[in-house]
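Chemist: The structure's right below; bear with me while I get my questions together.
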Amino acid sequence: MNGCNQNDTSCLATDGRHKRHRNRLLMRPLSVIIPALNEAKTLPGNVAALLQSDVVEEVIVVDGGSTDGTFEAMSAMANTDESNRLKVFQSEPGRGQQMNYGARFAQAPWLLFHHADSRLPDAGLKAIAALDEAACWGGFEHSFSPNNWKLKVVSWLHNYRCRRTGVVYGDQSMFVRRSFFAHLGGFRPDTIEDLEFSDRAVALAPSVLLPIRVQTDSRKFLQIGEFRALFQVCVILWRYERNRRVGVEGFFKPYR
């Protein structure tokens, strides 16, 4: 299985201590971190499903200044969560900043960075928990919901690109060992945070692409137009690869 270089223990040494600590306290292996912005319609159901998993230690929602009641709804949900596994915070806006903020409070050995409008089956969560100690980071195969033939083409290209390059995008529900994440210094704000992090991570350890599909809400692609949205993504990536200024604000604005 793909994983860390066995000669480089940077992503394993700290986790050995975490593993012993977890065994003592029966800690579940996953901390799920969700950056949120105006996701009051989709987020509660997503979080409820994650909390049902017996491998999830905690779900950490970091709101970036929602105006649709997301923070209030999630705070109310946390107040009625008898398991005390849901934690809700606010931070400065920006997906990278929000995920870094949430990671500061995570306790489990694995960090799962999960988009608010994505769905991952419980089998995916259990697959992370079952990874051997050589694995440092990775993601899942991508799909859209609802789907059509154009979006299937987009997902196929997305997954093919990941298998060829090892680079994982945020909508593939990136998972990272907590010690490896700390070793890399987390996400760098004011960048395409998932791509930039993947570039640094894959230089140290190959990614693991698990053959389970995470479903991403397709509303953005459907409203922009499937192939037009794909073209915009390609332009963003082309500019990033050439170290040019990347204007992503328009593409990544909330869609309803």
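Chemist: Based on alpha-carbon positions alone, could you give the equivalent ellipsoid semi-axes of region 28-103 from the gyration tensor, as √(5λ), descending, whole Å?
Modeler: Numbers: eigenvalues 71, 42, 19 Å².
They are 19, 14, 10 Å, listed from largest to smallest.
Chemist: State, to one decimal in nm, how far the label point of residue 81 lies from the label point of residue 130, with both points 7 Å from Cα in the Cβ direction.
Modeler: It is 2.6 nm.
Chemist: Quickly rank 59-66, 72-79 as a protection proxy: mean count of other C-beta atoms within 10 Å, highest first. Working shown, then result.
Modeler: Values: 59-66: 23.9, 72-79: 16.5.
In decreasing order of mean packing, 59-66, 72-79 become 59-66, 72-79.
Chemist: Stokes-Einstein diffusion coefficient for region 89-147 at 20 °C in a medium of 1.002 mPa s, Rh from the Kirkwood formula over Cα pairs: what value in µm²/s?
Modeler: Values: Rh = 13.6 Å.
The estimated diffusion coefficient comes to 157 µm²/s.
Chemist: If you take the beta carbon distance between residue 107 and residue 165 as r and set R0 to 41 Å, what does 1/(1 + (r/R0)^6) give as a FRET efficiency, to the nearest 0.05?
Modeler: 0.85
Chemist: Right, here's the next one. Once you order the gyration tensor axes a ≥ b ≥ c over the Cα atoms, which shape class does region 110-190 get: rounded for a/c under 1.5, otherwise prolate or oblate by comparing a/b with b/c?
Modeler: prolate
Chemist: In Å³ and rounded to a whole number, note down the convex hull volume per residue for the Cα atoms of region 55-159. Don't jump to the answer; show the numbers that get you there.
Modeler: Numbers: hull volume 15.1 nm³, N = 105.
Per-residue hull volume (Cα only) is 144 Å³.
Chemist: Starting from 0.36 nm per residue, how many nanometres of slack lie between residue 188 and residue 48 once their C-alpha separation is accounted for?
Modeler: Full extension from residue 188 to residue 48 adds 47.5 nm.
All of the numbers you see were taken from the coordinates with simple rules; none came from a lab. All values derive from a computational prediction rather than experimental measurement. Note that we place each Cβ from the backbone using ideal geometry, even for glycine, and neighbour counts take in every protein chain shown.
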